[in-house]
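For reference, the structure is listed below as structure tokens.
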Amino acid sequence: MASDAPPPSSPDGFDLLCRVARGCVAVREYSELTQLIPRAAVEVLAADLAVLCLTDPGGVTEVVGSAGEASPGAPEVGAWLTERIREIRRAVRLPGAAFPGGVAGGFLVVPLSHGRELFGSLGCYRLGGPFDEAEQAALAALAAQAAPILDRARRLVTAEQQATEVAAVQEIGRAISSRLELGAVLEAVVAGAATLLGCQHAQITLWDESRQTLIYGAAIGPEAARVRSQQFGFDRGVNGATARSRAPHLLNHYQASPYALPEYPDVVATVTVPVLFEERLLGVLHSHTTERGRRFTPIDLRRLELLATQAAIAIEHARLVAERERLAAAELVRLRRLSVVGAIGAAMQGSMRLEGLLRIILTGVTVGQGMGFNRALLLLVDEAQGLLVGRMGVGPDSGEEAARIWGRLDAAAHPLTDIAAARQAEAEGGEASSFDRMARSLRISLQPEAGVLARTALEARPFRVRRGDPEWAEEGKAWLEVEEFASVPLVAKGRAIGVLVVDNKFTGKPISDVDLEFLGILAQQAGAAVESAQVHARLEAALREVRQSHHQLLAQERLATLGEMVAHTVHEVRNPLVAIGGFARRLEARLAGSKREGDYARLIAREVSRLEKILGDVQLFSREAPLRPVELDLAGGIRDCLDLVGELAARQGVGLELAMETDPLRLRADPVRLKQALLNLLANALEAMPGGGVLRVASRRVPAGAAGEAEGEGSGPAPAEGWIVVEVIDSGAGIDEAVRAKLFEPFFTTKESGTGLGLPVVRRIMQAHGGRVQMTSRPEGGALFALWFPHPGPREETSP
Amino acid sequence: MRRILVVDDEEAVRLLYQEELTDAGYEVSTAAGGAEALARIREKPPDLITIDLRMPGMDGIELLGRVRQLYRELPVIICTAYGELRRDFATWASDAYLTKSADLTELKIKVAELLGR
């Protein structure tokens, strides 16, 4: 305890000094010391006021202790005096009058120094009168004694403070760093700041780089709620200033400062620091007090800065963690979505059936809670009808069903195709949901005014429609009954072939831009797949048709070949027959005398005749030439025919009769075919009378509506003019009931030889003429065949 | 006496027709093909011709055309084993279209008819 001052001259002074020294040694508490010393000064000098001031390493001089009163009842005088003493930091002995404003009494100030360092001053004021030299010496001695003790005590306190401070900050730092979530970090920061500074209020605001403004982070204290809802932002006032300048602000007289905000009238002092991470501003950390008389010290500022550093690291870390998690989640979503698109691509290879493919697409879009949509439906374009036709819908009918289905699905992650197959089975089993039924019932005209879905197809672009949008009215309200839906086109080869509609009716989750992006990718794949399936189906149908046509063609070719063969054969056979038969007849004529040879010749001729008939029938059946009807005289035709069979009839002993009702009878018919039909009947009739008989041919006119008109083989409406009927009647054995039914069937014959084509040919001829052929058994025995020709009507001039 | 030219590539048929028609009281010449037929016609125009459709070289259709060019009024009977060409030729090209038969009755009737008019 070296001392530069001389010892006091008076015994009282010395005594006092010893007392003080003892007291100083005894007292270690810094705060006691700062009170003891001014008190001792007051006693020693009988002063009215003594003030102890200390200067901290930062150069700020503060009053750390005082004793006495300058003037009782006038504390402002004391304050003024205190301030004067504080300002003087050297040895001074002045009368009060020396001060501007002039006061009575005297001032005495002595410096406190340790070594060469001046670290404070001790001052006194006495109203009664100025101080003298001896008193100055006494005070200087006191100061000399007190200085080293003060200094050591102060250092100890500082060290303790620092240690506490570091520990506190460390602890707070640990608490902050242990949290990974940004909100928790910010809460810990403000709690730590409040604790560290011993204040009630602390807040942290975050810097939004994109908007160049501070936004709320966290706050603690009685005004926290107000801060949270701060409408005017944080850019005014001291927080904004700190953000802009990146410099700390310590305001111990807040209301007098330029940063004071009218919203905070109670705030006394504030300390505000920027939160920086590697030169980047993350935000601003701020604390204030409403405690009157409370001041923030530079120590407080330093503490807050330390905390801000810790906070910066923790905030940055939390942000990175959050970003990483967000990316991971996004990646997961993207992966899942890609896997759905991939599954659809795979399904495209596997299932070419349109129904199955649609189900896979819709299932892929709706499966997966949180990723898929609640409901989806597909419509396909029908260009021919100009419609958008609903084909399938997938989605639960109610919220309960939705929860049940998704819970069941997520319990075990099934591959997409399995789920789709299960749903297919459900649908086929008749368990189609009402949403599916509604979807399948949709028919939307492809006009722009028909609504959003039509426009999606026509404009080939996606739409996202919310309640309140102009496009929402039609679909959203009417049959989707949702607040929001999206529709995307399925595009193939540059045009829309269908529309996919999705909504989140039960979860109400908004449809995001990412959702739309995913739908776009999916719709592209789906468009290609559906187009493929449709093309495939069309190809299959076309292939089937081609195969059918091919078969038909082959069959026709075979028939054609056959027909040609027949025609060729018939032709080839005819010529020889002409020669054989012709010469046989000539022989017959020449051999009239020799019965046997003549018979031979006749037999040959007759057989040839039969052959010719067979050829004729076959020819008619294999290639049918259209009719060339002409106006002809029926009588002439009949006579020609009778002439032809005349000889044969004579030989058989069959008498010929001709009965024409009205002469002449005109007829419109193909002359060749007419003769063909007649000849057939005549031949049959002759065959029915091998032993002779009567063959009668009659013709008559029959009016329309006559009895028997509807009978017989043939078709066609009854002509207005009525009919012309040609009858061939024989007196043969007649025809059995059993045989009658089959008479006109091709190839049916009771004869031992013959093709059985005669009567079917007759029927064909009559059908071609719009008439019919009838057969009746005569009660007197024999058969009657009648050919009904439509009456041609009034005479026309036609060329024969 | 009326003259008939029979055109057919089959010898047997020519012979038969000639015999039969001669018996019926006509003067009959024959030709085995279209070219020969035209030569015959130029030599001595007949009063009626019967033509077979299918013949080697110039077939009956072509011959028919040539004959019509030369002799519009000459009666022609198509006498053929073909049944299916009836629709094309019956009404415009010939005066009659008959299917060949061993029974020449219809032919004779037709000849008489055409020559009688």
field: A:Ala134-A:Ala256 FRET efficiency (beta carbon distance; Förster radius 51 Å; 0.05 resolution)
entry: 0.70
- prompt: For A:Glu449 and A:Glu721, FRET efficiency with R0 = 51 Å and r from the beta-carbon atoms, rounded to 0.05?
  reply: 0.25
statement: The correct ranking of A:Lys505, B:Lys110, A:Lys595, B:Lys44 by accessible area at 1.4 Å, largest first, is A:Lys595, B:Lys44, A:Lys505, B:Lys110
query: Under a 1.4 angstrom probe, counting protein chains only, how are A:Ser177, B:Ser94 ranked by accessible area, largest first?
result: A:Ser177, B:Ser94
field: Inter-chain shielding of A:572-581 (mean C-beta neighbours from other protein chains, 10 Å cut-off)
entry: 6
- prompt: Under a plain spin-label model, where a point goes 7 Å from the Cα along Cα-to-Cβ, how far apart in nm are A:Ser178 and A:Thr61?
  reply: 4.7
- request: Kindly flag which residue pairs out of A:Lys742/B:Lys100; A:Lys742/B:Lys110; A:Lys675/B:Lys100; A:Lys595/B:Lys108; A:Lys595/B:Lys100; A:Lys595/A:Lys675 have an alpha-carbon separation exceeding 25 Å in this structure.
  value: A:Lys742/B:Lys100; A:Lys742/B:Lys110; A:Lys595/B:Lys108; A:Lys595/B:Lys100; A:Lys595/A:Lys675
query: What length, rounded to one decimal in nm, is gained on full extension from A:Asp397 through to A:Arg334, with 0.36 nm per residue of separation minus their alpha-carbon distance?
result: 19.9 nm
- request: Shielding by partners for A:607-614, please: the mean number of other protein chain Cβ atoms within 10 Å of each residue's Cβ.
  value: 2
field: Under 5 Å, built H, 5+ apart or other chain: amide partners of A:Leu276
entry: A:Leu282
message: Net charge within 14 Å of A:Ala188 by Cβ-Cβ distance, Lys/Arg positive one each and Asp/Glu negative one each, not counting A:Ala188 itself?
response: -1
- request: Could you please report the charge total around A:Phe234, scoring K, R as +1 and D, E as -1 over all other residues with beta-carbon less than 14 angstrom from its beta-carbon?
  value: +1
query: When you look at the Cβ of every residue in B:102-110, what mean number of other chain Cβ atoms sits within 10 Å?
result: 6
- prompt: Within the stretch A:570-586, whose backbone N sits under 12 Å from a point 7 Å along Cα→Cβ of B:Ala12?
  reply: A:572-584
- prompt: How far is it, in nm, from the label point at A:Glu43 to the one at A:Tyr600 when both lie 7 Å from their Cα along the line to the Cβ?
  reply: 18.9
field: Sequence of A:Asp736, A:Asp617, A:Asp48 from largest to smallest accessible area, 1.4 Å probe
entry: A:Asp736, A:Asp48, A:Asp617
query: Fully extended, how many nm does the chain gain between A:Ala542 and A:Asp382 (0.36 nm per residue separation, minus their Cα-Cα distance)?
result: 55.7 nm
- prompt: Where does each of A:194-200, B:3-9, A:259-265, A:241-247 land if you order them by average Cβ count within 10 Å, highest first?
  reply: B:3-9, A:194-200, A:241-247, A:259-265
Student exercise, the stretch A:507-583 dipole from Lys, Arg, Asp, Glu Cβ charges, in Debye to nearest 20: 440
- request: Output ³J(HN,Hα) for the stretch B:61-76: one whole-Hz value per residue in order, computed from phi by the Karplus curve 6.51 cos²θ - 1.76 cosθ + 1.60 with θ = phi - 60°, and x for Gly and Pro.
  value: 5, 5, 4, 4, x, 4, 4, 4, 5, 7, 10, 4, 8, 5, x, 10
task: Compute the separation of the alpha-carbon centres of the stretch A:235-255 and the stretch B:1-43 and state it in Å as a whole number.
output: 138
field: Student exercise, the stretch B:1-58 dipole from Lys, Arg, Asp, Glu Cβ charges, in Debye to nearest 20
entry: 320
query: If you take the beta carbon distance between A:Thr776 and A:Glu481 as r and set R0 to 56 Å, what does 1/(1 + (r/R0)^6) give as a FRET efficiency, to the nearest 0.05?
result: 0.15
- request: Go through B:66-75, A:123-132 and give me the packing order, highest mean Cβ count within 10 Å leading.
  value: A:123-132, B:66-75
query: Spin-label point model (7 Å from Cα, Cβ direction): what's the A:Val573 to A:Glu160 distance in nm?
result: 14.3
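The values are calculated or read from the model by the stated rules, or taken from the named source; none is laboratory data. Note that the coordinates shown come from a computational prediction; the quantities given were computed from them, not determined experimentally. Backbone-built Cβ (ideal geometry, glycine too); neighbour counts: all protein chains shown. The area values use the complete protein model at the heavy-atom level, side chains included, leaving out ligands, DNA and RNA. Shrake-Rupley method; radii C 1.70, N 1.55, O 1.52, S 1.80 Å.
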